[in-house]
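Let me begin by presenting the structure, written as structure tokens, before commenting on it.
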Amino acid sequence: MSDIRLEGVTKRYGTFAAADSVDLSVTQGEFVTILGPSGSGKTTLLSLIAGLNRPTSGRISIGGRDVTEATAQERNIGLVFQSYALFPHMTVLQNVLFPLGVRRIGGAEAGRLARDALKLVRLDGFEGRRPSQLSGGQQQRVALARAVVFKPDILLLDEPLGALDRKLREELQVELKQLQRSLGVTTILVTHDQEEALSLSDRIMVLDKGRVQQVAAPTEAYLKPANRFVAEFLGIANFVGLPDGRQGVIRPERVRLMAAGQGLPARVVEAIYLGQMVRYHLALEGNQSVVAAVPFLGAAHAPGERVSVSWESADVWPVT
Ligand code: ADP
Ligand code: MG
């Protein structure tokens, strides 16, 4: 069993709380992403779970066992960081064999496990290369193989794709998801990239200033954000006044754009072509503005054009 539980986990540096009373339960085999801006405490939390650091207060348990005071070695965790941290003087195979050696697994058994792990990340045939002879994406796949070769209970990934360019990052996201699913390993990923979090995770935990803002499935966090911070961090949010005086958020894809006269009068301020979609920045009456995202079907409205908009009240989510 490798479920993870954090209860009231706080990490202080002096009086500053890098992690503040964090509660989180991750179930066996689940893929949870910790999402937050730079400095929000993501790496701090991951290092506490990994055992590289101790909480000031609170408890951490893995598989029902309290590991708050356990060392990193006692936790059987695979780790991948943004910087590849491969041993530069070792070959790919030696890098992947390394954690097995630490665990006193050698000989044919170690060779078999290492080759299986390299096959899993599609790097069979690269055994003899050194890290400097690999691309960034390949280096990160070696780091992944090294993290899973000893069959860890838990996989912790700290911005593992952060140094890669967009296309490669998207390819590796798909591979990472497949790898995680095929191994069934309980995984926590740290990222500041909301698209990455939304596309990979079973659930996301949104963090701001060391505090949990929301823990929810991606669609729920996106469409039913717990507060204004989550609404804005997970994408573009239109804020509209509600009859009861509260604010509501509506996502750009939920705004309907029509010919003038069919809804609320609007004027196109900016039309941004995004490939599959066009994003319109629209001015409404009364100094209000709204962003609409509509599929691009060969023609777009031009700036200055009069149009109209509407939306379903059910698509407006009240926030505090
Ligand atoms: P993230 O990974 O989300 O960017 P971190 O967990 O690295 O954030 O850091 C969270 C906050 O804690 C930051 O303000 C950072 O400066 C502070 N911090 C992290 N490690 C230390 C440390 N060893 N000593 C003092 N402050 C630290
Ligand atoms: Mg970090």
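Shown for segment 267-320: the carbon plus sulfur share of the solvent-accessible area, taken with all protein chains present and a 1.4 angstrom probe, equals 53%.
Remark: accessible surface ordering of L48, L274 (largest first) is L274, L48, probe radius 1.4 Å. Counting only alpha carbon atoms, the long axis of helix 166-183 and the longest principal axis of the chain meet at about 60°. Filter K167/K209; K42/K177; K151/K177; K167/K224 down to the pairs with a C-alpha to C-alpha distance above 23 Å, please. Distance filter (> 23 Å) returns K167/K209; K167/K224. Given a 1.4 Å probe and the protein chains as shown, L242 ends up with an accessible area of around 40 Å². Rolling a 1.4 Å probe over the protein heavy atoms leaves R12 with an accessible area of roughly 110 Å².
The relative contact order of segment 228-320 comes to 35 percent, based on Cα pairs under 8 Å that sit 6 or more residues apart. Starting from the Kirkwood Rh over alpha-carbon pairs, what translational D in µm² s⁻¹ does the chain have by Stokes-Einstein at 37 °C and 0.692 mPa s? My calculation gives 150 µm²/s for D.
Working with all protein chains in place, sort S132, S182, S40 by solvent-accessible area computed with a 1.4 Å probe, largest first. Walk me through the numbers on the way to the answer.
Values: S132 105, S182 80, S40 5 Å².
These residues rank, largest area first, as S132, S182, S40.
Relative to the 2.2 N^0.38 Å rule of thumb, segment 80-237 has a C-alpha radius of gyration ratio of 1.15. Ligands, DNA and RNA are left out, and with a 1.4 angstrom probe the accessible area of the chain is 48 Å² per residue. Mean residue ellipticity, 222 nm, helices only, the chain: the sum of -39500 (n - 2.57) across DSSP H runs of n ≥ 4, divided by residue count and rounded to 500, is -8000 deg cm²/dmol.
If you add up the charges near S308, with Lys and Arg at +1 and Asp and Glu at -1, over every other residue whose beta carbon is less than 13 angstrom from its beta carbon, what do you get? That sum, taken over residues with Cβ under 13 Å, equals +1. How much solvent-accessible surface does T219 expose, in Å² to the nearest 10, with a 1.4 Å probe and all protein chains in place? T219 exposes around 100 Å² with every protein chain in place. Here the contact order of segment 215-255, divided by its residue count and restricted to Cα pairs under 8 Å and six or more residues apart, works out to 28 percent. Nearest 10 degrees, 0 to 90: what angle lies between the long axis of helix 92-102 and the longest principal axis of the chain (Cα atoms)? Approximately 70 degrees, to the nearest 10.
Provide the FRET efficiency to the nearest 0.05 for the F296-K209 pair, computing r from the beta carbons and using R0 = 35 Å. After rounding, the FRET efficiency stands at 0.40. For a straight C-alpha distance cut-off of 20 angstrom, the aspartates and glutamates reachable from K11 (same-chain residues fewer than eight places away being disregarded) are D20, D23, D66, E69, D158, D208. For the options A70, A217, A108, a Gaussian network treatment of the chain with springs between C-alpha atoms closer than 10 Å singles out A108 as fluctuating the most. The listed residues K224, K167, K11 rank as K167, K224, K11 when sorted by accessible area, largest first, using a 1.4 Å probe.
Projected area of segment 1-131, taken from the Cα convex hull and averaged over every viewing direction, in nm²? Directional mean of the projected Cα hull area for segment 1-131 stands at 9.7 nm².
Count Lys and Arg as plus one, Asp and Glu as minus one, and take only other residues whose Cβ is under 13 Å from that of L46; the net charge is then +1.
In terms of its Cα atoms, segment 54-149 spans 45, 30, 22 Å along the principal axes, sorted from long to short. Relative contact order for segment 167-229: 20 percent, from Cα pairs under 8 Å spaced at least 6 residues apart, divided by residue count.
Just the number, please: carbon plus sulfur as a percent of the accessible area of segment 1-155, 1.4 Å probe, no ligands or DNA/RNA counted.
Details: 3620 of 7080 Å².
Within segment 1-155, the accessible surface is 51 percent carbon and sulfur.
The values are calculated or read from the model by the stated rules, or taken from the named source; none is laboratory data. Since the structure is predicted, the reported quantities are computational estimates derived from the model, not experimental observations. Every residue, glycine among them, receives a Cβ derived from its backbone with ideal geometry; neighbour counts consider all protein chains shown. Only protein heavy atoms, including side chains, enter the accessible area calculation; ligands, DNA and RNA are left aside. Shrake-Rupley method; radii C 1.70, N 1.55, O 1.52, S 1.80 Å.
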